[in-house]
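See structure below.
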Amino acid sequence: MFARTTTIQGDRAKIQDGIAYVRDQVFPGVKAMDGCVGMSLLVDRESGRCIATTAWESEAAMSGSAEKVRPLRDAAEQALGSRTSDVDVWEVAVVHRDHAMPDGACARITYLSGDAGLADRAVDIYKSSVLPRLQQLDGFCSASLMVNHEKGRLVGTVTFENRAQLEGSRQNTAKIRENASKDMQATIDDVVEMEIAFAHLHLPELV
């Protein structure tokens, strides 16, 4: 399984309208493309940052959709009050869902980087050490790890039922993150907390 993430720095005043546009206009267009297995949108209403993720059955399907999604991406940027976006591609390495996310669910996203061998080390450590600890956190819904082998980059996402549980997990997840980054020999590049505006990623369990 593969995924494309599009990060848009939007206008805070346009976030709600942008969510509606992506959900009602962009998502149906992407979902109809060959090999697409869903889409999600995460938003930070305070900063205006938004992350749209589309998931694909294969790397070929993802690559084949690149030009088709471009006009949809341009329209989403406009709806969110932005002129540019950053696009990254990933292999989906780990997916685990404890239960469905309710309305009001939130996510913490961690970006890491390292050498060319990082991805292989990280997947084993994530499965054996990180995921079991995340599952013990109050309000845990799901977790995933995506990797870019060529660039030596990772992005891990953990979701919680609500904002209070997300905030309450900060101290414990900071310890998990620090220990894991040392074991993986990785640098923590960024950690962001976001609202899950909608999630229709139909990824299989990968553990």
Exposed GluC sites (Glu not before Pro) being those in a DSSP loop with at most 12 other Cβ atoms within 10 Å, the longest stretch of the chain free of them is 47-149
Calculated from DSSP helices alone, with each H run of at least 4 adding -39500 (n - 2.57) and the total divided by the residues of the chain, [θ]222 nm to the nearest 500 comes to -8500 deg cm²/dmol
Distance between modelled label sites at GLN16 and ALA100, nm, 7 Å Cα→Cβ extension
2.6
Between helix 66-79 and the chain: long-axis angle, C-alpha atoms, 0 to 90°, nearest 10:
80
First select every other residue whose beta carbon is under 14 angstrom from the beta carbon of SER47; then total the charges, Lys and Arg +1, Asp and Glu -1.
-2
Using alpha-carbon coordinates, inclination of helix 170-184 to the longest axis of the chain, degrees:
80
In segment 1-84, if every C-alpha pair distance is counted and binned at 5 Å from zero, what percent goes to each bin?
3, 17, 28, 25, 15, 9, 3, 0
Cα-Cα longer than 29 Å, checked against LYS31/LYS175; LYS31/LYS182; LYS14/LYS182; LYS68/LYS182; LYS14/LYS68, kept in input order, equals LYS31/LYS175; LYS31/LYS182; LYS14/LYS182; LYS68/LYS182
nm² value of the averaged projected area, convex hull over the Cα atoms of the chain:
10.4
Hey, what D do you get for segment 92-197 in µm²/s if you plug the Kirkwood alpha-carbon radius into Stokes-Einstein at 25 °C and 0.890 mPa s?
180
Give the residue list of trypsin sites (Lys or Arg not before Pro) in segment 109-207 that are DSSP loop and have at most 15 other beta-carbon atoms within 10 angstrom.
LYS151
With THR84 itself left out, Lys, Arg at +1 and Asp, Glu at -1 over residues whose Cβ is under 12 Å from its Cβ give -1
Put in order of increasing Cβ neighbours within 10 Å, starting from the fewest, VAL130, VAL94 give VAL94, VAL130
Gained length - ASP115 relative to ALA32, 0.36 nm times residue gap less alpha-carbon distance:
26.2 nm
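No lab work stands behind these numbers, since they all come straight from the coordinates. None of the values given here were measured: they were computed from a predicted structure. Every residue, glycine among them, receives a Cβ derived from its backbone with ideal geometry; neighbour counts consider all protein chains shown.
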